[in-house]
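**Student:** Submitted below is the structure of interest, expressed as structure tokens.
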Amino acid sequence: MNKQKKHITYYVHGMHCASCESLIEKTIKGKEGVVEVNASLKHKRVEIHFNDTARAVNINDINNDLKELGYTFSKDKPDVNTFSNIQKSRSLIIAAVVILIFIIIERNGALRSFSVSRESDLFSFFIFGLAAGISSCAALVGGLLLSLSKQWTDAYGGNKTKIHIPFITFNLGRLLSFALLGGLLGILGSVLKFSIESTAVLTIFISLIMLILGLQMAGVHLANKITIRPPKSLVNNIVNGSSIKGKYVPFLIGGATFFIPCGFTLIAQTSALNTGDIYKSAAMMTAFSLGTLPALAVLSFTSIKLHTNTNLSVKFNYIVGILVVFFAIYTFNSQLNVLGAPSLNDLKKVFDSKQNYLSYIDNSQNDLNNKEFQVMQMEASEFEYYPKEIILKVGIPVKWEFYNRGAVGCANAVSARGLYSGIISLKRGMNVFEFTPKNTGTYKITCSMGMVEPVTVRVI
């Protein structure tokens, strides 16, 4: 007997990640008579195709099945403005306070570990991991944990002692994979040999990904037209795995988070790749993953409570989204400095009323061979270079006297694309280098990560 195929669409409140799609599809597909289910995070809805034998596909039954995970189904399209202007303003103030604190700390030189490069130490990668753990990694990996936590809870029958086992093995798998795959990145980097310019371009691309993800989390609908997510087939295999109760499955899933496109993770991976050293890159990624561990450990045990509380979940995503947008712009701007391109730092100089920045290097001298050269004198102190502006003459060799009074972090690694090649490492005290400016133009001297306020060099 032919069974007529029917179709119904329900709108879903509470979806926030790609894993939500797979979890909803898996639950509804298990019902008798259901032929096909398509959940859409973008449109916040689920389409169900079923035949005459379908049972329990009405909205009340589906709500009962998924209410514990914070999903609410309705026949009518929900109001998209559920996040009130007052709530949005309060969340914006919280994000602004966090950004202000970051700027104050950054300017006082107390925090130089927000961004990382191949020259960064392990502590910097750990701090960078902490930032990732409370921002985009928390949102992306936290969404995956939400999808799996209910299944893991059911697998142990609510046993409060054993229920922690899958979450512990999940995080252990993540730590181990970041160490092993981080080492492989070092091997790959030793073969590819990335330049500082190519690294900067790649980091800019990653920053754009971070920017889009941040705007999506902040609820900017225009950003939702761009899809950045793990392959749906991969998510489905993780969430729908028949052996999800196996004791090794959480370990393997934790290891697979190495490939989830979190912007912070991508920046750390790029830095590890550029070391060209298996041991150094493995240590970097291990330190980074240890930094993400505290936040993800909390999320492991509170993921359902966080995301089933609608107001809390919306506020969390909005605040984190704003922070991710800020840090994406921050990273994007720093890489423009590395490339010597116009950046936000140039705007600061336009509006700066101080007139004592310019240092005209017009002290041409003759060496023992009666060849003309010019002397460029600079200082490095904590996280700044002086003077802020310098003029050189094209074609005349430069004797660069760079006195290091105590540079910190990446300020010890100096870069000036186009003025000279490579990265110069500063030692404490006087450093002397030589180069010849070959072309007229404007160049920037900054650290290898572009975080130090650039010194502008005009070659005439």
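The values are calculated or read from the model by the stated rules, or taken from the named source; none is laboratory data. None of the values given here were measured: they were computed from a predicted structure. Cβ placement follows ideal geometry from the backbone for every residue including glycine, while neighbour counts extend to all protein chains displayed.
Conditions (1) under 28 Å from the mean Cα position of the chain (by Cα); (2) buried (at least 19 other Cβ atoms within 10 Å of the Cβ); (3) under 16 Å from residue 337 (Cα atoms), marked per residue:
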{"position": "382", "(1), (2), (3)": "yes, no, no"}
{"position": "408", "(1), (2), (3)": "yes, no, no"}
{"position": "418", "(1), (2), (3)": "no, no, yes"}
{"position": "425", "(1), (2), (3)": "yes, no, no"}
{"position": "460", "(1), (2), (3)": "no, no, no"}
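**Student:** Any idea which of (1) out of contact with any strand residue (DSSP E or B) (no Cβ under 6 Å at 6 or more places or on another chain); (2) at pLDDT 70 or above; (3) surrounded by fewer than 13 Cβ atoms within 10 Å (Cβ to Cβ) is the one residue 121 doesn't satisfy?
**Tutor:** (3)
**Student:** What is the one condition in (1) within 25 Å of the chain's Cα centre (by Cα); (2) of a type outside the set (Val, Ile, Thr); (3) under 18 Å from residue 200 (Cβ atoms); (4) at pLDDT below 85 that residue 412 does not satisfy?
**Tutor:** Unmet condition: (3).
**Student:** Let me ask another. Does residue 45 satisfy being at pLDDT 80 or above and crowded, with 16+ Cβ neighbours inside 10 Å?
**Tutor:** Yes; evaluated as a whole, the condition is true for this residue.
**Student:** I need a count of the residues in the stretch 82-111 that are at pLDDT below 70 and outside any helix (DSSP H, G or I).
**Tutor:** Here the count works out to 6.
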